[in-house]
1. Scan segment 154-169 for residues that are small (Gly, Ala, Ser) and touching a strand residue (DSSP E or B) at 6+ places or on another chain (Cβ under 6 Å) and jot them down.
2. If I filter segment 419-441 for residues that are touching a residue at least 12 places away in the same chain (Cβ under 8 Å) and within 16 Å of the ligand (Cβ to nearest atom), do I get at least one hit?
3. Picking from 174, 150, 145, 122, which residue would you name as being of a type in the set (S, T, N, Q), under 30 Å from residue 226 (Cβ atoms) and in contact (Cβ under 8 Å) with a residue 40 or more places away in the chain?
4. Is there a residue in segment 630-644 that is in contact with a Pro (Cβ under 6 Å, 6 or more places away or on another chain) and either at pLDDT 95 or above or away from the ligand (no atom under 16 Å from the Cβ) (or both)?
5. Of the conditions (1) surrounded by 14 or more Cβ atoms within 10 Å (Cβ to Cβ); (2) free of Cβ contacts under 8 Å to residues at least 24 places away in the same chain, residue 663 fails just one. Which one is it?
6. Answer with yes or no whether residue 560 is surrounded by fewer than 21 Cβ atoms within 10 Å (Cβ to Cβ), within 16 Å of the ligand (Cβ to nearest atom), touching a residue at least 24 places away in the same chain (Cβ under 8 Å) and not in a helix (DSSP H, G or I).
7. With segment 345-462 as the region, which helices (runs of 4 or more DSSP H) entirely inside it contain at least 3 residues that are at pLDDT 95 or above and among the acidic types (Asp, Glu)?
8. Mind checking which pairs have a first residue in segment 693-708 that is surrounded by 14 or more Cβ atoms within 10 Å (Cβ to Cβ) and a second that is of a type in the set (A, V, I, L, M) and in a loop (DSSP other than H, G, I, E, B), Cβ under 6 Å, 6 or more apart or different chains?
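The values are calculated or read from the model by the stated rules, or taken from the named source; none is laboratory data. Everything numeric here is computed off the predicted structure, so don't read it as measured data. FYI the Cβ positions are ideal-geometry reconstructions off the backbone, even for glycines, and counts take in every protein chain you see.
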Amino acid sequence: MTRVMMMFFVALTMALAVPAIAAEPSSEYRESFNDGWLFHNGEAPGAEASDFDDSQWRPQDLPHDWAIEGPFDIKYNARCGGLPFHGTGWYRKTFDTPAGSKGKAVLVTFDGAMYDAHVWVNGQFVGNRPYGYIEFQFDISKYLNDEGANTIAVRLTPEDLSSRWYPGAGIYRNVWIDVRNPVRVDQWGTFVTTPQVTDQAATVSVETTLTGDLTGADVQVKYEVFDPNGKVVATSTKPAAEKTSTQLTVNDPMRWDIESPHLYRLKTTVLSGEETLDVVQSRFGIRTLEFSKDKGFALNGKHTRIQGVCLHHDNGPLGAIVNRRAIERKLQIMKQMGVNSVRTSHNPPSNELLDLCDEMGILVQVEAFDVWMKAKVPNGYNKFFEEWAERDIKDMVRRDRNHPSVFMWSIGNEILEQASKEDGNRIAKQLNDYVKSLDTTRPTTCGFNWYPGPYATGMAGQVDIAGMNYKPLAYGDPVNAYLPNNPVVGSETSSCTSSRGVYHLPIEKYQTHESKQVTSYDIIGPPWAYPPDIEFDALEKHPEILGEYVWTGFDYLGEPTPYGGKDNNTNGYWNEDWPSRSSYFGAVDLCGFPKDRFYLYQSQWTEEPMVHVLPHWNWENTGHDTIPVIAYSNCDEVELFVNGESAGRRIKGKDLTKIPVKFNRYEKDHLMSKYRMSWDVPFAPGSLRVVGYLDGKPVAEKEIKTAGAPARVKLTPDREELAADGSDLSYVTVRIEDAEGNFCPLASNLVRFTVDGAGTIAAVGNGNAATTAPFIANQREAFNGLCMLIIKSAKHAGEITIRAESDGLQADHASIDAK
Ligand code: GAL
């Protein structure tokens, strides 16, 4: 085999050009099934029956996560967010038999339900689906009454000790109903690829899987390709077969790329003579992927380093609830950091995330599982693996294989079968084969955290690309000795921890701190973790490595490492450092406020000149003569001014900063980092100002001032206009300022909110990982000067007025227009 491997020339995807409509089939036959449900938290024997008395149940529109309502309690597991996610939850909904559905298929699609969903219609059992992250669909037509009311009932039973993080609880993704012809495109029945792409033309290859009785009928399938401007650029019509395929040519194709993610749309119409039986819209993109052992990754022929982040599925204070705007904002913040790729650790993502990545030009590694047969926690997915894994991973690939953003399939993360040559190889091969049976246009990967274990046994060679978790020192010769041919990616890196705005002096390594916070000097992590600098350095030395996926972009609920008292592999409760209940790993906190690390990545991953300085400049009685001041910048040189006086210039890459380092296999106890510039300066109230220079010219600057006492609250909505659709969000930053308008970096004032008009409070938060203050509330304490108010639009237009008050501070108000 040559060392240059795997060329994946492809294109892809699905859904309408209208971004708000996500899942395929996106057609006139699909409607939201989210409204008008009733919810009951707890057991409800007999609740599947049509005539069950649900009059005391609470009205609940979907998507919904019952656990995020809290309360946080030490009787729950901090590893899973310290929230009541386990138990039984029931949903019921009464709906009329859809008009015109006689003789049709009535399909109900759950984009995801947490966990082990069982579904009944009119008292009859329809089916179940254990995995909470997978989309599933039932044809319920045979259970429906000919006309009038029907009842659908859903029981969910998320179990305690079933997850290593906060999974959420409830029907937390969208639900749809379709009334379709019995002869139609099957669920995820459209597969679009682009086997040949040049600047002049792209071949668009389509395979359509039809369902229904085609015998004797004169059925045809008509294909139309629309370019990004909505113009038809290719058409073809084929006689229908169970598998119908066609090839179309698109001239002068506009590429799907990171900078300009052009999207095409395929319209598939199933016709019987003049009659339209079915229409399906599938979005796709035209792009090429190349993965090479020696040269790394190229998108459309251009070498592209993966600047990736691992992301869990939760949306911080909103919980696991899927919300397009929440995900869009998360991705926007990640893009500002310089991110070009996301790993959906460690499960299939929402449709919304993939639609947004298609639209925003973000590459996605879609991951199937965190566990196979061997348990990581007592009640994990391993219980279902044998019966469901094939179905789950194949459904994942079928659902997502038209997305141009999806460029790698991961069959697992840190799977414990790494310890077993036989099981590891067998299951990895099996899962790899399942993926390849449905898509050979993208490579497979898997995140391995043991070394050399899975490399020596051959397990790592079962997938196309070896994902190395936390092994920067093994890049190059060490791993190549085992894997001479397969490209390698840093599938999980760094795992540095920090709390926004917290600085502990002096800069030193510790495991935990009595404050239950972690210093933001960006040096602390669990034993397998290391500062971002180590990975940057390893990647510089090994340009053939595809890139990295930082653990993590955003903080997430649960896994409060280094607190909790347990390491990553132990099974039980993690409550030794209660109330630490959410992660410290993020470069950005749970509310979306950047921590210092955000800027460290930005300094490495972006080109627009930037400079950042830390810590804050509000010290008192430190007991230290000097304060370490650090700058992160992508400029050549940075100059620090303390109270207007220059403290000197530092040259990036030449003036090094010593940072303590200690992690498995690292031989020294420090690193001389070329990614940080530093000064030790005595504290005197005033300001810190940094200026970044390129070729000797000032191009970027940042100043932080010593703040006086908190004097006022300042509200800044990220969006002043919302869609009046009942789900759009405005994230309102709440900042505590002194009388001059300076940011108060240590303020913890409690702020109370009053919201009126065409919107409500969706949640509040402040990024503090160690508090039991509820997310669903009308007040919040600032954490190091900031808190967040998340406003959700109502379903009617109008003004939303917000007032924020805090004892002894000047109040503020803001207004948002819902249209
Ligand atoms: C990894 C694991 C992640 C997370 C991380 C924390 O080993 O894959 O899910 O637990 O450690 O550092």
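1. Of everything in segment 154-169, those that are small (Gly, Ala, Ser) and touching a strand residue (DSSP E or B) at 6+ places or on another chain (Cβ under 6 Å) turn out to be 168, 169.
2. Scanning segment 419-441 turns up at least one residue that is touching a residue at least 12 places away in the same chain (Cβ under 8 Å) and within 16 Å of the ligand (Cβ to nearest atom).
3. The match here is 174.
4. Yes: segment 630-644 contains one or more residues that are in contact with a Pro (Cβ under 6 Å, 6 or more places away or on another chain) and either at pLDDT 95 or above or away from the ligand (no atom under 16 Å from the Cβ) (or both).
5. With respect to (1) surrounded by 14 or more Cβ atoms within 10 Å (Cβ to Cβ); (2) free of Cβ contacts under 8 Å to residues at least 24 places away in the same chain, residue 663 is out only on (2).
6. no
7. 351-360, 382-400, 421-438
8. 700/610
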